[in-house]
Amino acid sequence: MQIARPDSAVEKILPGVADFLDSQLTMVIGDQKVAGESGQTFPVFNPATGQKLADVPSGTAQDVDKAVTAAQAALNGEWSNMLPADRQRMMLKLADLIEANGEELAQLETLNNGKSVMMSRLIEVGASADYIRYMAGWATKIEGSTIDVSIPVPPGAKYQAYTRKEPVGVVGAITPWNFPLNMAVWKIAPALACGCTVVIKPAEETPLTTIRFVELCLEAGLPAGVVNVITGSGAEAGAALTAHPGVNKLTFTGSTETGKIIGVQAMQDMKRVTLELGGKAPMVMFDDMDMDQLGIAAGIGALFNTGQTCCAGTRIYAQKGIYDKVCDFLGGMVGSLPMGSGLDPVNQINPMVSAKHQNHVKSCIARGVEQGAKPMLNAGDYDGEGFFVKPEIFTDVDQKMSIMQDEVFGPVLTITPFEDPDDAIAMANDTRYGLGASIWTTNLNTMHRYVPQIEAGTVWVNAHNLPDQNMPFGGYKQSGVGREHGRAALDNYLETKSVCIALG
Ligand code: NAD
């Protein structure tokens, strides 16, 4: 394996990024940048070097309360009186501002999360701006329907009914660290399109681009309190937001374990809730697949974002006729990917987000070996600076092993042979998760036969790991509740009111 130096930065840090990191970082409540009630901070790190990047306020329950109060005031104030076209215009301006500040945001994301700066540009900046524009389009297209009813009393009476779609209210958004800015936008953009207001709590590992994004919301002209950010821990700030009675709807992306806690808490006062949770996606490769697509399957399907992707296709099932070729190809390719800082776009294997996550991935690999799976690359430990993990591929894996069942969220793959396609689908479905999956075949019959049998919210064919703002996204089984993206996502942020008028 070629190992680039973790600090092999080829890009100079922009002055705007350096100034932001040198400034006193704050939360945003209303239109105020605030340090928080406690005055306490916590450090965030550059995963490529392990060095501290900045200190960020530790938000408390009091800060959450202030932010929810600001969001309620905005909901009942200027924001609610704006025309949908005004909301749309502000959202389009926000998208422009993201692009105008794109290089700074991309560098900031790479410094804080570790991902390739190419990915930061493409996803965190580019896809986020596109997402806001897509949702801005919906702001002017929210509609109810007229309904004919058959109410028989009193005899001869006539009624006309219709539905109104109304903003659900204050949205509490809690996001993970793997796509920090993009995940924030997946939640905030539809909420704004529907006329809601938001308090967002980003992951403690990666709060920087969300802070900057909320500052840009104010620059775009969104009234004070429409979008607020509270930084801090899940246990304190996240839990306070989840429990706050002024929050009407929770939207969460993160692990299944945390999602269960949030779901149970939401039901205490019947908050509306959507949960986008973990995954353990299978890629089922049939003998007739186009072998030229193996590179895409590995690079985008499995190792996109160094495997720190909820849909990562890390369980590969290869039919007997191609199994050896798949092993040879992936072994050669994955073993030679350059590893190093995301600031050097050459590097395709970037660090894990934190020392804690690095240890988690390393312990998953160690447990795989202990349980008897065969490490093909035998890559061993990385012992330099930064939170890197060398990729590993396991063969001889039993379905019951933890390496097959538990989410690793890193550059660790399994390859398992199959003969009978029905067995492959049964193994693909043998998981508590059901977020994404793919099948790889050139046979239309195989595709149509097996797509319906796969238990996952998204099934790709000859592709993997490619969401789109217009394509519903969410999980079967323990991968979540509800769908993001597309027209249907708006219903997450709207209440439906039936109006029934007795005609004179
Ligand atoms: P996590 O569950 O540890 O944390 C996610 C967020 O929840 C963080 O902001 C954290 O501070 C907060 N949190 C933690 N405990 C909380 C509590 N008790 N109350 C309220 N908030 C709390 O997840 P993570 O490690 O940041 O992210 C990785 C996970 O996210 C993986 O499981 C991955 O599959 C999942 N994910 C899912 C999707 C999807 O769309 N389905 C997308 C990205 C990531």
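Look at the range 398-409: where a residue is without any contact (Cβ under 8 Å) to a residue 60 or more places away in the chain and a partner is part of a loop (DSSP other than H, G, I, E, B) and open to solvent by less than 40 Å² (accessible area, probe 1.4 Å), sitting 6+ places away or on another chain with Cβ atoms under 8 Å, you get Asp398/Ala373; Met401/Ala373; Ile403/Ala373; Ile403/Val397.
Yes or no, residue by residue, for (1) among the hydrophobic types (A, V, I, L, M, F, W, C); (2) assigned by TED's automatic domain parsing to the domain that holds Phe179:
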{"site": "Thr206", "(1), (2)": "no, yes"}
{"site": "Gly225", "(1), (2)": "no, yes"}
{"site": "Ala243", "(1), (2)": "yes, yes"}
{"site": "Asp287", "(1), (2)": "no, no"}
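Kindly indicate whether Leu303 is in contact (Cβ under 8 Å) with a residue 12 or more places away in the chain, of a type outside the set (D, E, K, R) and surrounded by 24 or more Cβ atoms within 10 Å (Cβ to Cβ). In short, yes. Of all the residues that make up the range 219-239, how many are of a type in the set (Gly, Ala, Ser) and either more than 9 Å from the ligand (Cβ to nearest atom) or open to solvent by less than 20 Å² (accessible area, probe 1.4 Å) (or both)? Counting residues in the range 219-239 that are of a type in the set (Gly, Ala, Ser) and either more than 9 Å from the ligand (Cβ to nearest atom) or open to solvent by less than 20 Å² (accessible area, probe 1.4 Å) (or both) gives 7.
Within the range 320-332, is even one residue surrounded by 22 or more Cβ atoms within 10 Å (Cβ to Cβ) and either of a type in the set (Lys, Arg) or over 26 Å from Ile13 (Cα atoms) (or both)? So that I can check it myself, show each step before the final result.
Taking the range 320-332 as the starting set, the residues that turn out to be surrounded by 22 or more Cβ atoms within 10 Å (Cβ to Cβ) are 326, 330.
Checking which are either of a type in the set (Lys, Arg) or over 26 Å from Ile13 (Cα atoms) (or both) leaves us with 326, 330.
The answer is yes, given that some residue of the range 320-332 is surrounded by 22 or more Cβ atoms within 10 Å (Cβ to Cβ) and either of a type in the set (Lys, Arg) or over 26 Å from Ile13 (Cα atoms) (or both).
Report yes if some residue within the range 304-316 is farther than 30 Å from Asp422 by Cα and within 12 Å of the ligand (Cβ to nearest atom); otherwise report no.
Taking the range 304-316 first, the residues farther than 30 Å from Asp422 by Cα are 305-306.
Okay, now just the ones that are also within 12 Å of the ligand (Cβ to nearest atom), so 305.
Yes.
Per-residue answers, yes or no, for (1) farther than 22 Å from Asp96 by Cβ; (2) at pLDDT 95 or above; (3) outside any strand (DSSP E or B):
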| residue | (1), (2), (3) |
| --- | --- |
| Gln160 | yes, yes, no |
| Lys165 | yes, yes, no |
| Trp177 | yes, yes, yes |
| Ala189 | no, yes, yes |
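Does Val34 qualify as being without any contact (Cβ under 8 Å) to a residue 60 or more places away in the chain and among the β-branched types (Val, Ile, Thr)? Spelling it out, Val34 is indeed without any contact (Cβ under 8 Å) to a residue 60 or more places away in the chain and among the β-branched types (Val, Ile, Thr).
The values are calculated or read from the model by the stated rules, or taken from the named source; none is laboratory data. Bear in mind that the values here come from a model prediction, so they are computed numbers and not experimental data. Cβ: placed from backbone, ideal geometry, glycine included. Neighbour counts: every protein chain shown. Accessible surface is based on the protein model in full, side chains and every heavy atom, while ligands, DNA and RNA are left aside. Shrake-Rupley method; radii C 1.70, N 1.55, O 1.52, S 1.80 Å.
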